[in-house]
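J.: Quick one: this structure, given as structure tokens, is what I'll be asking you about.
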Ligand SMILES: [Zn+2]
């Protein structure tokens with residue numbers, strides 16, 4: 001399995017990753033996060049160059065809240081089902097603060113990423129800020145969620 005690459009600043013990332021981070025930042029402005037005030041944006045790029053974005057969507061009934069990553073993934077799958085997902089960037093900031101804060105994909109989003117990765121038979125790269133000044137480019141959902149649950153577990 002390819003290693004997870006780490007970067008001390010955004011400038012060290014490749015241009016496509018930086019572009020997706022930029023699009024994820026833009027998307028975070030559309031977060032509906034009146035409860036957590038934690039604004040998250042995700043942007044992914046498909047094989048044909050289409051960029052799909054998502055932002056977290058909260059609800060007064062807390063368990064119904066949806067992460068930015070899954071908003072983007074589900075939209076991509078529903079609107080561009082024939083296109084494979086190459087890469088996704090995720091960013092977060094506090095409401096009314098521009099500075100990005102570390103935000104790592106939650107377990108549920110890792111599981112959903114893994115399903116799409118298996119479905120398209122190709123890894124999805126994930127870019128995120130995991131601690132102050134440390135970006136990572138993860139080579140696959142599998143690397144984010146080793147030994148994840150899959151359809152193989154459902155076969156008899
Ligand atoms: Zn999540």
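Since every read-out is calculated from the coordinates, none of them should be taken as a lab result. Quantities reported herein were computed from a predicted structural model and do not represent experimental measurements. Quick reminder, even Gly has a Cβ in these numbers, built from the backbone with ideal geometry, and neighbours come from all protein chains shown.
J.: Where does each of 21, 127 land when they are ranked from fewest to most other beta-carbon atoms within 10 angstrom?
T.: 21, 127
J.: Report, in deg cm²/dmol and to the nearest 500, the calculated mean residue ellipticity at 222 nm for the chain, where each DSSP H run with n ≥ 4 adds -39500 (n - 2.57) and the sum is divided by the residue count.
T.: Value at 222 nm, helices only, nearest 500: -8500 deg cm²/dmol.
J.: Give the calculated FRET efficiency between residue 122 and residue 95 to the nearest 0.05, with a Förster radius of 41 Å applied to their Cβ-Cβ distance.
T.: Efficiency, from the Cβ-Cβ distance: 0.70.
J.: Another one. Could you check the simple spin-label distance between residue 152 and residue 5, using points 7 Å along Cα→Cβ, in nm with one decimal?
T.: Calculated label separation equals 2.7 nm.
J.: Next question. So between residue 37 and residue 50, what do we pick up on full extension, going 0.36 nm a residue minus the alpha carbon distance?
T.: Separation in residues times 0.36 nm, less the Cα-Cα distance, equals 1.8 nm.
J.: What does the C-alpha gyration tensor say about the overall shape of region 1-123? Classify as rounded when a/c is under 1.5, otherwise prolate if a/b is larger than b/c, or oblate.
T.: Judged from the Cα gyration tensor, region 1-123 comes out oblate (a/c at least 1.5, b/c at or above a/b).
J.: Relative contact order of the chain, please, whole-number percent, based on alpha carbon pairs below 8 angstrom and at least 6 residues apart.
T.: Answer for the chain is 23 percent.
J.: Still on this structure, I have one more. Going by how many other Cβ atoms sit within 10 Å of their own, how do 119, 18 line up, fewest first?
T.: Going from sparsest to densest Cβ surroundings: 119, 18.
J.: Once each part is reduced to its C-alpha centroid, what is the distance from region 97-142 to region 56-73 in angstrom?
T.: If we compute the Cα centre of each part, the gap is 16 Å.
J.: Related question: Please give the contour-minus-distance gain from residue 78 to residue 19: 0.36 nm per residue of separation, less the Cα-Cα distance, rounded to one decimal in nm.
T.: Answer, rounded to one decimal: 18.9 nm.
J.: Give me 130, 90 ranked fewest to most by other Cβ atoms within 10 Å of their Cβ, as a rough exposure proxy.
T.: 130, 90
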